[in-house]
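Scroll down for the structure; my scribbles are underneath it.
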Amino acid sequence: MDTTTAGREQIEERLREACGLDTPWALVERFSTLVRLAGSEQEREAVAYVMGELDRLGVPYTLHTPVRYISWPLGATLRTLGGDPLVARPKTVSFSVSTGGVEREGDLVHLSTGYAEDATSLFDLGEVGDVDVRGKVVITEGIPIETKVAEITRRGAIAAIFAGQGTRIHEGICSDVWGSPDLESLRRYPAIPLLAINEPDGQALIERARRGGCRVALSTDVDTRWREIPVLVAEIQGATVPDEFVLVHGHLDSWHVGVGDNATGDATLLELARVFHQFRSQLARSIRIAWWSGHSQGRFAGSGWYADAFAIDLAENCVAHVNCDSPGCRWATEYRDVPWTEEAGPVATAAVRVATGEPVTRARASRAGDWSFNNLGLSGLFMLSSSMPESVRVEKGYYAVGGCGGNIEWHTEDDTLEIADRDVLLRDIRVYATAGWRLATAPVPELDFRLTLDEMGRTLTGYQVIAGERFDLGRADADLAALRADLDYFYRRLDEQDLTDAADPVARRASLVQRKLARILLPVHNARLGRFRQDPADVSPPLPELEVVRRLAAAEAGSDVAQAARISLERGLNRLIWALRRADEVVTGAGVVVA
Ligand SMILES: [Zn+2]
């Protein structure tokens, strides 16, 4: 194994050149004929196809079949009552209340929440109008998302209709319960029937609601139950430090035939399995490649299950996870708003730059997309990757969607073969291959936790501005500075060692230090709940427990909310300082690495 930097770069170049389209494109074509609802027969056919390919390639794998909570939306109806009847063409969503196909009636009222401006604001609540909706059927803008449903339910509506944009109706899921429920989250599912309609139907109904006196009848038919779902995990063993591993993953289930979301991602994973297996003698760490079910109709049930079932293994040995969702779509030539945890920035940006020559911009990961490993504290890269430039989107008159590279066929019957693009797919495969390869072969994974600390510092500064005189976050400053200085020393010493072998005891120790830093710092930075639980699929600000400064700033001085917010902040600050000190112990106790 040539482990010098130049040698590794040469092998990496050969790896990218070895990436092709024969194996992945055949998968895309096969999957374009399969409606892969989680736990369905056609999804099983898709899994069998991938297993057949892995057999052909000689890649070892395990098929798990956990039982998880899955919800299939089957149908819905919606019509106005009285004169001049209007019959809309609705869909319902995963985890809507099912009326069992029986109509429920109510007065229609319009509650304005507005449309998302771009893909990053797709899951925001928006400006909510001030209307009494008690006992009414609400019609509002956008797609059925938890934040809006929770607000509408809290205000006492008996059902909600979401008027989307365009002529298509996007399928979706509406529950903030991540993966499957535990006893705590079991009661958090939607409590009212939910419908989605397209823009023309929506405009007509909003018009009638505004006029007043409009009564509607609606029904939903949703099949929600515990189902066996497939989770397929291939493993290519590392040659020198096989216990350390990189997890590369994406979802296999879909809405309809889901070509751009996510047959292209499944194809990418298969091609990665092929080339990583081909280059396995040069692989230091192991690479696990996972195809999850339960993403679309189970709110990340497959990856959530894996986070539970392999929690200790992931927490101890996983170097980083790399998520692959909706790559390889037409017109998606730009890498914009791509997520990664801060310390993974060097790998993420280099992978895009080296594989494509394009720049990449980052967006903080939303609490979505099979990032089921935030509570465990894993470093992560990518979710969506390439997307169409904003100028192309505007020129086409497209609105914001959450996948398919920005193609508005996302989550509809029209996400078919023409959404995939061979050139874009090959380019994205090379991006993922480069990222996975670097993490698995660098003597020490190129993760720089100074970047994480710097972002924590910027976040604290921003929160202090919001809090103003009301709360002092400065108590963490000294610990933040101390850890930052010790990390500087750690990375300087690491550079001086000029390590070439991942099996070198110093490299092993440094890699372990990084994993420990991730487990200590990342949960505080990215999650509210405990390590072995799952935060809701909700907005996820940095240092979420300290984002309470917004509540404090909005609260009336001296009110219960203001007082309680201060207590929350005190506790959040304690959690942060505790983590910073434990992280510093890890860095300064690293022996050989830090003298
Ligand atoms: Zn997807």
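The values are calculated or read from the model by the stated rules, or taken from the named source; none is laboratory data. Fair warning: this is a prediction, and the values are worked out from it, not measured in the lab. Note that each Cβ is placed from the backbone with ideal geometry, even for glycine, and that neighbours are counted across all protein chains shown. We work out accessible area using only protein heavy atoms, side chains counted, and drop any ligands, DNA or RNA first. Shrake-Rupley method; radii C 1.70, N 1.55, O 1.52, S 1.80 Å.
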**Complete:** Among R515, R533, the single one that is under 22 Å from E316 (Cα atoms) and assigned to a loop (DSSP other than H, G, I, E, B) is R533
**Message:** Out of the helices (runs of 4 or more DSSP H) lying entirely within the range 1-105, which hold 1 or more residues that are at pLDDT below 95 and open to solvent by less than 70 Å² (accessible area, probe 1.4 Å)?
**Reply:** 5-18
**Fill in**
The number of residues in the range 271-299 that are open to solvent by less than 10 Å² (accessible area, probe 1.4 Å) and within 16 Å of the ligand (Cβ to nearest atom) is 8
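Yes/no matrix, rows are residues, columns are (1) over 19 Å from S296 (Cα atoms); (2) out of contact with any helix residue (DSSP H, G or I) (no Cβ under 7 Å at 6 or more places or on another chain):
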residue	(1), (2)
A160	yes, no
G164	no, no
H170	no, yes
A204	yes, yes
**Asked** Looking at (1) away from the ligand (no atom under 16 Å from the Cβ); (2) open to solvent by less than 10 Å² (accessible area, probe 1.4 Å); (3) farther than 18 Å from G530 by Cα; (4) among the small types (G, A, S), which is the only condition A355 fails?
**Response** (2)
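Can you tell me which of V524, V548 is within 25 Å of S175 (Cβ to Cβ), crowded, with 21+ Cβ neighbours inside 10 Å and without any contact (Cβ under 8 Å) to a residue 60 or more places away in the chain?
Details: V524 fails: within 25 Å of S175 (Cβ to Cβ).
Only one candidate passes the filter, namely V548.
Does P445 satisfy the criteria of being within 30 Å of T268 (Cα to Cα) and either free of Cβ contacts under 8 Å to residues at least 12 places away in the same chain or in contact with a helix residue (DSSP H, G or I) (Cβ under 7 Å, 6 or more places away or on another chain) (or both)?
Numbers: within 30 Å of T268 (Cα to Cα): yes; either free of Cβ contacts under 8 Å to residues at least 12 places away in the same chain or in contact with a helix residue (DSSP H, G or I) (Cβ under 7 Å, 6 or more places away or on another chain) (or both): yes.
Criteria met by P445.
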**Message:** If I ask for residues that are charged (D, E, K, R), open to solvent by 60 Å² or more (accessible area, probe 1.4 Å) and touching a residue at least 24 places away in the same chain (Cβ under 8 Å), which ones from the range 479-500 would you list?
**Reply:** R484
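Test R509 against the criterion of being within 26 Å of R493 (Cα to Cα), open to solvent by less than 30 Å² (accessible area, probe 1.4 Å) and charged (D, E, K, R), and give yes or no. Talk me through it step by step, then tell me what you get.
Details: within 26 Å of R493 (Cα to Cα): yes; open to solvent by less than 30 Å² (accessible area, probe 1.4 Å): no; charged (D, E, K, R): yes.
Here the answer is no, as R509 does not meet what is asked.
Among the residues of the range 368-385, which ones are in a loop (DSSP other than H, G, I, E, B), touching a Ser or Thr at 6+ places or on another chain (Cβ under 7 Å) and away from the ligand (no atom under 14 Å from the Cβ)?
Step one: list which residues in the range 368-385 are in a loop (DSSP other than H, G, I, E, B), which gives 368-379, 382-385.
Filter once more, keeping what is touching a Ser or Thr at 6+ places or on another chain (Cβ under 7 Å): 370, 372, 379, 384.
Once the filter is applied, which keeps residues that are in a loop (DSSP other than H, G, I, E, B), touching a Ser or Thr at 6+ places or on another chain (Cβ under 7 Å) and away from the ligand (no atom under 14 Å from the Cβ), the range 368-385 yields only S379.
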**Request:** Could you list all residues from the range 278-298 that are over 17 Å from A46 (Cβ atoms) and touching a Phe, Trp or Tyr at 6+ places or on another chain (Cβ under 6 Å)?
**Result:** R285, S286, I287, R288
**Message:** Looking at the range 337-347, can you tell me whether even one residue there is assigned to a loop (DSSP other than H, G, I, E, B) and within 16 Å of the ligand (Cβ to nearest atom)?
**Reply:** yes
**Complete:** How many residues of the range 167-191 are open to solvent by less than 40 Å² (accessible area, probe 1.4 Å) and charged (D, E, K, R)? The answer is 2
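Confirm whether G166 is part of a loop (DSSP other than H, G, I, E, B), over 30 Å from W305 (Cβ atoms), free of Cβ contacts under 8 Å to residues at least 40 places away in the same chain and away from the ligand (no atom under 16 Å from the Cβ).
Taking the combined requirement at face value, the residue does not satisfy it.
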**Asked** Just for the range 227-264: of the residues that are buried (at least 24 other Cβ atoms within 10 Å of the Cβ) and polar (S, T, N, Q), which one is nearest to the ligand (Cβ to nearest atom)?
**Response** N262
**Item:** Residue count, the range 361-385 (criterion: polar (S, T, N, Q) and open to solvent by less than 10 Å² (accessible area, probe 1.4 Å))
**Value:** 4
**Request:** Please work out which residue is nearest to the ligand (Cβ to nearest atom), limiting yourself to the range 386-397 and to residues that are buried (at least 17 other Cβ atoms within 10 Å of the Cβ) and assigned to a loop (DSSP other than H, G, I, E, B).
**Result:** S386
**Residue within the range 270-280 that is more than 27 Å from H256 (Cα to Cα), free of Cβ contacts under 8 Å to residues at least 60 places away in the same chain and in contact with a strand residue (DSSP E or B) (Cβ under 8 Å, 6 or more places away or on another chain) present** = yes
**Request:** Mind listing just one residue for me: the one in the range 402-430 that is open to solvent by less than 10 Å² (accessible area, probe 1.4 Å) and part of a loop (DSSP other than H, G, I, E, B) and, of those, nearest to the ligand (Cβ to nearest atom)?
**Result:** G403
**Item:** strands (runs of 3 or more DSSP E) wholly inside the range 206-257 that include at least 3 residues being in contact with a helix residue (DSSP H, G or I) (Cβ under 8 Å, 6 or more places away or on another chain) and not hydrophobic (A, V, I, L, M, F, W, C)
**Value:** 241-251
**Fill in**
Selection from the range 209-226 of residues farther than 30 Å from R68 by Cβ and open to solvent by 50 Å² or more (accessible area, probe 1.4 Å) yields R210, R211, G213, R215
